[in-house]
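Got a structure for you, written out below as C-alpha cells; questions coming shortly.
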Amino acid sequence: MAKKSILNGKINSHYQTVKINDLKLFDIKKITDKNALLFLWVVSPMLPYGIDLMSSWGFEYSTIAFVWYKRKCNPGHYTMSECEICLVGKKGKIPKPKRNNIRQFLSEERGIHSKKPNEIRDRIALIFPNSKKIELFAREGHLGWDSWGNEVGFINGKENKEIMIKKRKGLLGLKLNKED
C-alpha cells in the first residue's frame, strides 16, 4: 500500500504500487477457499485502509498476528516508525491451529525495502502446516507457498521462463499503476 518512503529527508520510489480502490477489485475469492485466513501487512498509518481492504475481500478482521520491530527508525508523523504489523482476518470456519505457542513479536533488522522477514512466513506455516498458502506481492518463492509478485520468477537476476510464462497469463488479472 505504500508507494514512497522518506529516508534521510529524501522521497524514494521503490516499486510500482496499486491504488487501494484497485486492490479492492482483486478477485481474491478466486484463489481462496470458503474457509480461509488472510495475513495482511500494514504500516501503522495505513491500518484503517488495511482493515477496510480485508473486509472488501470478504474477510473479518480478527487481531494483530505479528509485530515486526525492524531495529531501524524511519521518520513518522508523531513518533519514529520502527514496527510493521501483520493483521489476520478470517472467513468461514478455520481449523484449529496446530500450535498456539507462536510468538507475536519479532525483532529482526530490516533488509531491502519492504521485504518481510522469512521468519513470519515460517511461523504461519507452523501454526497451519497443512493449509494451502499464497503470498501476493512476493519478492521470491518459498517452499510450501504459491507466490505472486512482479519480482518472483527471477533466479540470480535471470528470468525463469516457466515461471514468467505463468505470470504473464495474468494470475488474478492484477495490474500495476505505471504512473503512481
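The values are calculated or read from the model by the stated rules, or taken from the named source; none is laboratory data. Every value quoted in this text rests on a predicted model; they were computed, and no experiment measured them. Cβ coordinates were reconstructed from backbone atoms using ideal geometry, including for glycine residues, and neighbour counts include every protein chain displayed.
Filter segment 73-103 down to the residues that are within 20 Å of the chain's Cα centre (by Cα) and either under 12 Å from Pro45 (Cα atoms) or in a strand (DSSP E or B) (or both) and list them by number.
Selection gives Asn74, Ser81, Glu82, Cys83, Glu84, Ile85, Cys86, Leu87, Val88, Gly89, Lys90, Lys91.
Please work out if Glu119 is outside any loop (DSSP other than H, G, I, E, B), charged (D, E, K, R), surrounded by 12 or more Cβ atoms within 10 Å (Cβ to Cβ) and touching a residue at least 40 places away in the same chain (Cβ under 8 Å). So that I can check it myself, show each step before the final result.
On the way: outside any loop (DSSP other than H, G, I, E, B): yes; charged (D, E, K, R): yes; surrounded by 12 or more Cβ atoms within 10 Å (Cβ to Cβ): yes; touching a residue at least 40 places away in the same chain (Cβ under 8 Å): no.
Criteria not met by Glu119.
Determine whether Glu179 is surrounded by fewer than 13 Cβ atoms within 10 Å (Cβ to Cβ), over 18 Å from Leu38 (Cα atoms), of a type in the set (D, E, K, R) and modelled with pLDDT of 85 or more.
Working: surrounded by fewer than 13 Cβ atoms within 10 Å (Cβ to Cβ): yes; over 18 Å from Leu38 (Cα atoms): yes; of a type in the set (D, E, K, R): yes; modelled with pLDDT of 85 or more: no.
For Glu179, the condition - surrounded by fewer than 13 Cβ atoms within 10 Å (Cβ to Cβ), over 18 Å from Leu38 (Cα atoms), of a type in the set (D, E, K, R) and modelled with pLDDT of 85 or more - is not met.
Going through segment 57-72 one residue at a time, which ones are farther than 19 Å from Asn118 by Cβ and surrounded by 15 or more Cβ atoms within 10 Å (Cβ to Cβ)? If you could, list the steps in order and put the result at the bottom.
So in segment 57-72, the residues farther than 19 Å from Asn118 by Cβ come out as 57-64.
Scanning segment 57-72 gives Trp57, Gly58, Phe59, Tyr61.
Next question. Name the residues in segment 31-66 that are among the hydroxyl-bearing types (Ser, Thr, Tyr), outside any loop (DSSP other than H, G, I, E, B) and either closer than 21 Å to Arg121 by Cβ or modelled with pLDDT of 95 or more (or both), would you? Even if it seems obvious, please write down each step before you answer.
So the first thing to find is which residues in segment 31-66 are among the hydroxyl-bearing types (Ser, Thr, Tyr), and the list is 32, 44, 49, 55-56, 61-63.
Going one step further and asking which of them are outside any loop (DSSP other than H, G, I, E, B), we end up with 44, 49, 55-56, 61-63.
Tyr49, Ser55, Ser56, Tyr61, Ser62, Thr63 - these are the residues of segment 31-66 that are among the hydroxyl-bearing types (Ser, Thr, Tyr), outside any loop (DSSP other than H, G, I, E, B) and either closer than 21 Å to Arg121 by Cβ or modelled with pLDDT of 95 or more (or both).
What's the number of the only condition in (1) in a strand (DSSP E or B); (2) of a type outside the set (A, V, I, L, M); (3) farther than 17 Å from Phe66 by Cβ that Glu151 fails to meet?
Only one criterion is unmet by Glu151, namely (1).
Can I ask one more? Modelled with pLDDT under 90 and among the hydrophobic types (A, V, I, L, M, F, W, C): does that describe Ile11? Let's see the steps before the verdict.
Working: modelled with pLDDT under 90: yes; among the hydrophobic types (A, V, I, L, M, F, W, C): yes.
Against the criterion (modelled with pLDDT under 90 and among the hydrophobic types (A, V, I, L, M, F, W, C)), Ile11 qualifies.
Just name the residue that is nearest to Gly149 (Cα to Cα) out of those in segment 73-101 that are of a type in the set (Val, Ile, Thr) and surrounded by fewer than 16 Cβ atoms within 10 Å (Cβ to Cβ).
Step one: filter segment 73-101 for residues of a type in the set (Val, Ile, Thr), giving 79, 85, 88, 94.
Narrowing the set further to residues that are surrounded by fewer than 16 Cβ atoms within 10 Å (Cβ to Cβ) leaves 79, 94.
Details: Thr79: 31, Ile94: 26 Å.
So the residue we want is Ile94.
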